[in-house]
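Everything on this sheet refers to the single structure shown next.
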Amino acid sequence: MPERVFLFFRRSATRAAAQRRMSMGFPAANDDATFNDAAQGRIIDTVNTVTPTTVLAVLPTIRPLMVPNIVGYDADGDFTGVTVLFLWSRLRRPDRELFSAYYGVPFFISAPAPSTPAHLAYVLVRFAANAKCDHHEREEDDSIPPPRLVRLSYVIYHGGVLGIMLYNRGMRAMYRDALQDAADYPDDNYSAEFDVPLSTWPPDNLTLRTNNAIRSCILAARMFIDL
């Protein structure tokens with residue numbers, strides 16, 4: 001089992017970018033513990049097929065894609081008791097143009113190996129299903145398209161998963177719900193230190209609402225975007 005498994009948004013565009021990536025502790029694009037490009041496309045395509053009623057049906061397809069051809073992880077492991085921290089943000093204009101996305105959702109999944117990929121697979125499809133449900137029930141503007149995952153990047157390591165999902169404008173209803181929850185219940189759904197709305201699964205989870213977890217989420221998301 002490799003110490004860490006990475007999925008990047010893209011390969012480093014220049015040698016300087018590749019060197020910067022490695023200087024920050026990230027592996028090279030051809031490292032055995034790293035995969036991207038086609039793998040990311042398959043994951044995203046699968047996530048975008050899910051509906052609120054097909055989460056469990058999609059899981060057998062997406063689970064093997066979390067750590068393709070990497071020995072030591074159990075993609076079919078138990079995902080019950082999954083715990084997740086989500087941060088909610090609207091991307092900066094340069095990043096929106098670069099990635100053709102509008103919203104960024106950094107996340108931290110607390111899950112032990114070897115079942116970490118099973119937790120990740122469930123979070124990705126359940127989140128997508130919830131986004132589509134919110135869009136259907138709350139979006140009043142017909143010009144806003146359905147939610148669609150555009151980019152995904154993550155690192156699986158001994159403590160769980162740190163990553164970021166980039167979504168199109170279709171996630172607007174879900175994002176607005178997060179902002180409203182942060183305004184109505186700031187003690188539970190807002191970090192004053194980092195000025196960011198947050199939420200957890202399950203909603204009453206307190207162990208992930210720590211400054212260390214939030215900081216780790218933010219730093220990982222920035223590195224994935226900037227690299």
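The values are calculated or read from the model by the stated rules, or taken from the named source; none is laboratory data. Computed from a predicted structure; not experimentally measured. Ideal geometry is used to build each Cβ from the backbone, glycine not excepted, and the neighbour counts take in all protein chains shown. With ligands, DNA and RNA removed, areas are computed over all heavy atoms of the protein, side chains included. Shrake-Rupley method; radii C 1.70, N 1.55, O 1.52, S 1.80 Å.
Contour minus end-to-end for Asp188 and Arg215, with contour as 0.36 nm per residue of separation and end-to-end as the Cα-Cα distance?
Values: separation 27, 0.36 × 27 = 9.72 nm, distance 1.63 nm.
Once the chain is fully extended between Asp188 and Arg215, it gains 8.1 nm.
Please list Arg138, Arg4 in order of solvent-accessible area, largest first, computed with a 1.4 Å probe with all protein chains present.
Values: Arg138 120, Arg4 95 Å².
Putting Arg138, Arg4 in descending order of accessible area: Arg138, Arg4.
From the protein chains alone at 1.4 Å, what is the descending order of accessible area for Glu97, Glu140, largest first? If you can, show how the numbers build up before the last one.
Details: Glu97 130, Glu140 165 Å².
Reading off the accessible areas and sorting them downward yields Glu140, Glu97.
Step through the residues of the range 214-223 one at a time and calculate ³J(HN,Hα) from phi using the Karplus curve (6.51 cos²θ - 1.76 cosθ + 1.60, θ = phi - 60°), rounding each to whole Hz and writing x for Gly and Pro.
For the range 214-223, the Karplus-derived couplings read 5, 4, 4, 4, 5, 5, 5, 4, 5, 5 Hz, x marking Gly and Pro.
Read phi for every residue in the range 180-194 and hand back ³J(HN,Hα) as whole Hz from Karplus 6.51 cos²θ - 1.76 cosθ + 1.60, θ = phi - 60°, with x for Gly and Pro.
Each residue's phi maps through the Karplus curve to give 5, 4, 5, 6, 7, 10, x, 4, 9, 10, 8, 9, 5, 5, 10 Hz.
Hey, for a label at Ile144 modelled as a point 7 Å past Cα toward Cβ, could you say which residues of the range 169-193 have their backbone N under 17 Å away?
Output list for this probe position: 169-183.
How much accessible area does Asp142 have with a 1.4 Å probe, in Å² rounded to the nearest 10?
Probe radius 1.4 Å; accessible area of Asp142 about 150 Å².
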